[in-house]
1. Scan segment A:18-61 for residues that are farther than 30 Å from B:Leu39 by Cβ, touching a Ser or Thr at 6+ places or on another chain (Cβ under 8 Å) and free of Cβ contacts under 8 Å to residues at least 12 places away in the same chain and report the count.
2. Considering only residues of segment B:63-85 that are more than 7 Å from every other protein chain (Cβ to nearest Cβ) and aliphatic (A, V, I, L, M), which is most open to solvent (accessible area, probe 1.4 Å)?
3. Exactly one condition in (1) closer than 17 Å to B:Ala44 by Cα; (2) within 12 Å of the chain's Cα centre (by Cα) is not met by A:Ala44; state its number.
4. Can you tell me which of A:Tyr87, A:Tyr43, A:Tyr12 is closer than 16 Å to B:Arg73 by Cβ and hydroxyl-bearing (Ser, Thr, Tyr)?
5. Can you name the condition, by its number, that B:Lys94 falls short on among (1) surrounded by fewer than 16 Cβ atoms within 10 Å (Cβ to Cβ); (2) over 28 Å from A:Thr49 (Cβ atoms); (3) more than 13 Å from chain A (Cβ to nearest Cβ)?
6. Within segment B:33-60, track down each residue that is open to solvent by 70 Å² or more (accessible area, probe 1.4 Å) and either within 10 Å of chain A (Cβ to nearest Cβ) or of a type in the set (Lys, Arg) (or both).
Number of protein chains: 2
Amino acid sequence: MSAEIEEILKRYQSYPNVVGIIILDPFAIPIKTTMDYTLTVHYAAVVNTLAAKAAKMVSSLDANNELMNIRLRTKQHEVIIVPSENYIIVVVQKPGD
Amino acid sequence: MSAEIEEILKRYQSYPNVVGIIILDPFAIPIKTTMDYTLTVHYAAVVNTLAAKAAKMVSSLDANNELMNIRLRTKQHEVIIVPSENYIIVVVQKPGD
């Protein structure tokens, strides 16, 4: 399981302009992070409700559909939330040129 | 105001693979749509809570930051939600190749 987490971390770290990666368990408990503690806990709390809400939205519009990821573009960065079976992965990027 | 809405519609219709556009007022009431009524009303309801939640998440993480758009990638399509001062714009695209 730890090898799988390292694998996920490595994969997303190869993305351009990544400033932080947080891996949460399905209950949104941080199990790995490259960000500071306060920010990690804050992300975990808000990402959890947002991902649940978005997944519910998608399946309520079409029961055969499924949420794959959420991208939040903000003035300062882009946050990618990838819910998977075992983890919720949060990747924070600086907007690219 | 109607000209502004037509302008928004035209701009997003030029995007590739667009299957539907919905323009909502800030209270998430549909004011223009290219999708059928049932789907429009359903999108309006779920988009509203999701956009509000995401905007709150962004400002709670950093008061100087601001949400620009949300992209939901699903198995079947991509939904782009653009909250602006006067409207919430929802664009549904088929994933590109």
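The values are calculated or read from the model by the stated rules, or taken from the named source; none is laboratory data. None of these values were measured; they are calculated from a predicted model. In this analysis, Cβ positions are derived from the backbone assuming ideal geometry, glycine residues included, and neighbour counts consider all displayed protein chains. Keep in mind that these areas ignore ligands, DNA and RNA; they rest on the heavy atoms of the full protein, side chains included. Shrake-Rupley method; radii C 1.70, N 1.55, O 1.52, S 1.80 Å.
1. Residues that pass the stated criteria total 1.
2. This residue is B:Ala63.
3. (1)
4. A:Tyr12
5. Failed condition: (3).
6. B:Lys53, B:Lys56
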